[in-house]
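What follows is one structure encoded as structure tokens, with my remarks underneath.
The values are calculated or read from the model by the stated rules, or taken from the named source; none is laboratory data. A quick note: this is a predicted structure, and the numbers were derived from the prediction, not measured. Using ideal geometry, Cβ is built from the backbone for each residue, glycine included, and neighbour counts are taken over all protein chains shown.
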């Protein structure tokens, strides 16, 4: 039984397709099929069954590959140990982060970074929520910080842990007529306002859109941007308004270039740490636990 056989078979199980697994592994489909066949001969029972829905694990295959994932995690831990013994730079933890999340989470992390993640080099990727989910699914990042979304829109194999919640607020230029409002601004007053939106099917864009669909209407969308920084700059130009997590606009509010106003009905979004269900090496698992503890509300 070879490690390569297990690795290829786990890829097929994850992708539910020999073709997609071959593409992910950057090898031919015939090579993947051959290694899976050899492993099935070795263990003495089929790991996969073909159904009208495609490739499915057999009951024994599911149990076998569950244990195989644990073994792979142990082998990855050995690689970590070897790097430490050689005196090499320890681990790299790659984190995807939704736009605007830095203002919320980085102050919690970096003052104690070396205590929380000793010897770890962080690689931070800022991307829209949908991209973070895709990067996690394709195993290009270790974890993601993003806004919770409808579970039906979450790719299979991902799980999440809630860290905090963030109030949504209306942001307008300081000279906008709404900037003088003392009471929370009713969403009904915004129907004619040109609004800058984010991705509409996931993340906080979905939450904002639901504020209008709850009224049986749609917002007057001027533009759709894939990041909060762009949204804030457009609003500063005086060409539109937006609804974003209040914490994401605190710096601009402090500088006096934006006003943040409460809305009614009020709405909050949940911010969570997303990861793959499949285990990482033991050290990376411990790092993710430490990261989660550091970022969640105390």
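Out of (1) exposed (fewer than 14 other Cβ atoms within 10 Å of the Cβ); (2) within 30 Å of residue 279 (Cα to Cα), what's the single condition that is false for residue 160? For residue 160, the exception is condition (1). Of 95, 104, all but one fail to be in a strand (DSSP E or B) and at pLDDT 90 or above; the exception is 95. Scanning the stretch 248-260 for residues that are assigned to a helix (DSSP H, G or I) and out of contact with any helix residue (DSSP H, G or I) (no Cβ under 9 Å at 6 or more places or on another chain) yields 254, 255.
Scanning the stretch 263-290 for residues that are modelled with pLDDT of 90 or more and part of a loop (DSSP other than H, G, I, E, B) returns 265, 266, 267. No other residue among 194, 245, 184 is crowded, with 19+ Cβ neighbours inside 10 Å and either in contact with a helix residue (DSSP H, G or I) (Cβ under 8 Å, 6 or more places away or on another chain) or at pLDDT 95 or above (or both) apart from 245. The set of residues in the stretch 47-66 that are outside any helix (DSSP H, G or I) and under 19 Å from residue 19 (Cβ atoms) comprises 47, 48, 49, 50, 51, 52, 53, 54, 55, 56, 57. Within the set 50, 37, 7, the sole residue that is in contact (Cβ under 8 Å) with a residue 40 or more places away in the chain and surrounded by fewer than 18 Cβ atoms within 10 Å (Cβ to Cβ) turns out to be 7.
All of (1) within 19 Å of the chain's Cα centre (by Cα); (2) surrounded by 16 or more Cβ atoms within 10 Å (Cβ to Cβ); (3) not in a loop (DSSP other than H, G, I, E, B) hold for residue 199 with one exception: (3).
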